[in-house]
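The structure appears right after this line, and notes come after that.
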Amino acid sequence: MKFIVQAGPNTPLTVQFEPQGTEFELAPGDYLTVEWPVPGKGGLLGGVTHEPDRLTLSEPEGGTARLWNSRGKELPVFGY
């Protein structure tokens, strides 16, 4: 599953990946493209927690997310 996480037009956004704790600071209007692992039947997708200036994504157990910044550069891979 692929999705985009984008900061608001006038507001920066911190995106944190758990359980690693890795953070990305997005400038206003900037975004990340995330390819999220989809578990097998009955598996969990992970979790999402949102605060006004922070989004926390919790990866599913055994999964690995792939990330690209708004310029198309792939960022370090996270996973278990």
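Descriptive notes on the structure:
- Candidate set: the stretch 1-30, residues that are among the hydroxyl-bearing types (Ser, Thr, Tyr) and modelled with pLDDT of 85 or more; chosen: the one surrounded by the fewest Cβ atoms within 10 Å (Cβ to Cβ): Thr11
- Subset tally (residues that are within 16 Å of Glu74 (Cβ to Cβ) and among the hydroxyl-bearing types (Ser, Thr, Tyr)) for the stretch 1-25: 1
- Selection of first residues in the stretch 18-32 that are assigned to a loop (DSSP other than H, G, I, E, B) and of second residues that are among the β-branched types (Val, Ile, Thr), restricted to Cβ pairs under 7 Å at least 6 apart or on distinct chains, gives the following pairs, ordered by first then second residue: Pro28/Thr11.
- Residue match in the stretch 58-68 (condition: at pLDDT below 75 and either in contact with a His (Cβ under 9 Å, 6 or more places away or on another chain) or of a type in the set (Val, Ile, Thr) (or both)): yes
- Within the set Thr49, Thr33, the sole residue that is of a type outside the set (A, V, I, L, M, F, W, C) and either at pLDDT 85 or above or surrounded by 14 or more Cβ atoms within 10 Å (Cβ to Cβ) (or both) turns out to be Thr33.
The values are calculated or read from the model by the stated rules, or taken from the named source; none is laboratory data. All of these numbers come straight from a predicted model, not from anything done at the bench. Note that we place each Cβ from the backbone using ideal geometry, even for glycine, and neighbour counts take in every protein chain shown.
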